[in-house]
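Each remark here refers to the structure printed beneath this line.
The values are calculated or read from the model by the stated rules, or taken from the named source; none is laboratory data. Keep in mind that this is a model prediction, so the values were computed, not measured. Don't worry about glycine lacking a Cβ; one is built from the backbone with ideal geometry, like all the others, and counts go over all protein chains shown.
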């Protein structure tokens with residue numbers, strides 16, 4: 001009876017040892033891949049450690065994070081230790097003894113709540129001034145911020161002047177679909193604007209698209225008032241004030257640049 005008893009005990013132990021060696025030795029632990037692999041208790045989570053390895057953890061209200069590493073199959077010396085609560089102690093768990101760093105869950109990278117799209121606008125503010133005129137290719141945008149700018153958000157808020165019978169402004173290439181990544185610039189220039197706008201905005205153009213077209217009728221430039229074109233881009237409103245030169249309808253165009261917001 002004694003020898004029969006020993007055989008029944010030793011065989012399962014050997015089989016367990018072979019199984020463990022196939023997935024990592026008991027000292028090294030057995031890593032999880034998905035939280036569904038952590039099924040010793042309800043609500044198991046697969047948690048990444050500072051070493052880059054992943055171990056199972058289960059709910060424990062005595063831990064600040066609400067999670068404690070499993071006692072079994074967890075390596076890096078973390079078996080039975082609380083998962084760190086980064087919001088509570090900046091990445092170190094107070095219950096860890098002997099100066100050991102506990103594991104932590106990598107949170108998703110939060111967006112910068114304070115970041116907003118910012119850009120520079122360069123355009124012709126002085127143009128040849130016949131009484132009736134249509135012009136385009138005079139506007140460029142330079143992304144000076146850290147967020148991409150969706151040019152499809154460019155819209156015309158208003159186009160007004162007391163000096164003309166009518167002013168019509170329109171997006172020249174609808175619909176705009178381009179994106180300006182940080183540091184990029186866009187906006188096709190006509191011959192009228194070349195050599196003027198690109199002197200005040202020298203960034204190479206990525207989005208070579210005509211953004212805006214303007215037409216006015218019977219403009220009385222002697223009234224001394226500009227064409228005001230109010231635009232909105234990525235929620236920021238800005239105004240292009242365009243002047244004609246009544247003394248010289250073929251006056252040399254002049255460009256200016258300003259920042260938004």
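May I ask you to list the residues in region 30-50 that are assigned to a helix (DSSP H, G or I) and surrounded by 15 or more Cβ atoms within 10 Å (Cβ to Cβ)?
Matches in region 30-50: 35 only.
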Original post:
Within region 66-89, can you find the residues that are under 35 Å from the mean Cα position of the chain (by Cα) and either closer than 14 Å to residue 44 by Cβ or modelled with pLDDT of 85 or more (or both)?
Top reply: 66, 67, 68, 69, 82, 83
**OP:** Hey, can you tell me all the residues within region 198-238 that are at positive phi and touching a strand residue (DSSP E or B) at 6+ places or on another chain (Cβ under 7 Å)?
**Re:** 234
